[in-house]
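A.B. asks: First the structure, then my questions, so here it is.
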Amino acid sequence: MEFVGELAVVQQRLAASRDLVARRLAVLEALAVAPGEQVLEAGCGSGLLLREIGAAVGEQGLAIGIDMSPDQPTAARSHCKDMTQVQVRVEDMRAVAAADDLFDATVYVQVLEYVPDVETAVAEAARVTKPGGRFVNVATNWGSLWWAGGEAELTARMVSAWHGHHRIRTCRWCYRCCWSTLASPPCTSAR
Ligand SMILES: C[S@@+](CC[C@H](N)C(=O)[O-])C[C@H]1O[C@@H](n2cnc3c(N)ncnc32)[C@H](O)[C@@H]1O
């Protein structure tokens with residue numbers, strides 16, 4: 001799935017919804033960003049979380065947002081245009097243009113579901129995050145979603161179409177190789 005054109009706009013509207021505001025607050029709390037830190041957000045979408053991260057690191061820090069879609073970084077740049085500490089790049093999270101152990105924290109929100117080779121993406125986060133740094137990942141196990149629709153055939157078609165919109169089942173994620181150098185062990189609840 002590519003978040004371009006109309007779909008980019010839909011994603012931007014969703015990101016502004018009340019539920020996703022609440023999710024961003026939870027992510028920020030988990031990320032525990034301090035002034036002066038350097039933070040990477042991969043799959044930054046329209047930049048709403050990135051702006052919060054930029055505010056938390058302050059002018060002495062750095063918040064880098066990357067997104068593979070050509071449209072989303074434009075929206076993110078516009079949303080953070082008054083913040084010199086925020087940079088936005090069109091970039092694939094599986095090949096981050098950053099030195100090893102650069103970031104104090106790395107965050108993915110609702111993005112790994114759309115990456116075909118999750119292990120590569122998670123390994124990149126481990127590579128660019130400092131030993132002892134923080135990694136926050138939010139993802140949905142879309143495979144567990146179901147509608148209680150009134151019409152069985154229509155419901156089955158909707159569910160089938162929905163399940164095709166993401167590439168992987170989160171319960172199969174594998175973190176086995178990447179996180180031994182970081183302070184916190186990965187969450188295993190999604191396995
Ligand atoms: C569902 S949106 C979530 C955006 C944002 N994190 C949020 O929570 O509102 C997924 C985003 O991940 C981006 N994305 C997907 N695969 C990517 C990849 N390999 N590298 C970087 N970004 C990617 C998409 O372009 C899209 O903007």
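A.B. asks: Counting other C-beta atoms within 10 Å, which of CYS80, CYS44 has the fewest, and how do the rest follow?
C.D. replies: On the way: CYS80 24, CYS44 32.
Listing CYS80, CYS44 from fewest to most nearby Cβ atoms yields CYS80, CYS44.
A.B. asks: For PHE135, list long-range residues whose amide hydrogen, built 1.01 Å from N in the peptide plane, is under 5 Å from its own amide hydrogen.
C.D. replies: When sequence neighbours closer than 5 places are left aside, the close amide H contacts are THR106.
A.B. asks: From the backbone phi of segment 18-24, what are the Karplus-calculated ³J(HN,Hα) couplings (6.51 cos²θ - 1.76 cosθ + 1.60, θ = phi - 60°) in whole Hz, Gly and Pro given as x?
C.D. replies: The phi angles translate into 4, 4, 7, 4, 4, 5, 4 Hz.
A.B. asks: Neighbour counts of other C-beta atoms within 10 Å: give me LEU28, LEU40 arranged from fewest to most. The partial results should precede the final answer.
C.D. replies: Details: LEU28 17, LEU40 28.
Going from sparsest to densest Cβ surroundings: LEU28, LEU40.
A.B. asks: Once phi is turned into θ = phi - 60°, what whole-Hz ³J(HN,Hα) does the Karplus curve with 6.51, -1.76 and 1.60 give for every residue of segment 154-162, x standing for Gly and Pro?
C.D. replies: Per residue, the Karplus-derived 3J(HN,Hα) values read 5, 4, 4, 5, 5, 5, 5, 5, 4 Hz.
A.B. asks: With viscosity set to 1.567 mPa s and temperature to 4 °C, compute the Stokes-Einstein D of segment 5-172, Rh being the Kirkwood radius across alpha carbon pairs; µm²/s, no decimals. Intermediate values should be presented prior to the final figure.
C.D. replies: Numbers: Rh = 16.7 Å.
This corresponds to a translational diffusion coefficient of 78 µm²/s.
A.B. asks: Arranged by the count of other C-beta atoms within 10 angstrom, fewest first, what order do TYR108, TYR114 take? It would help to have the intermediate numbers written out before the result.
C.D. replies: Values: TYR108 23, TYR114 18.
Listing TYR108, TYR114 from fewest to most nearby Cβ atoms yields TYR114, TYR108.
A.B. asks: Can you compute the charge dipole magnitude of segment 5-172 about its Cα centre, using +1 on each Lys and Arg Cβ and -1 on each Asp and Glu Cβ, nothing else charged? Give it in debye, rounded to the nearest 20. The partial results should precede the final answer.
C.D. replies: On the way: 16 positive and 21 negative charges, 47 e Å.
In debye, rounded to 20, segment 5-172 gives about 220.
Readers should treat all values here as calculations from the given coordinates under stated rules, not as data from a laboratory. All of these numbers come straight from a predicted model, not from anything done at the bench. In this analysis, Cβ positions are derived from the backbone assuming ideal geometry, glycine residues included, and neighbour counts consider all displayed protein chains.
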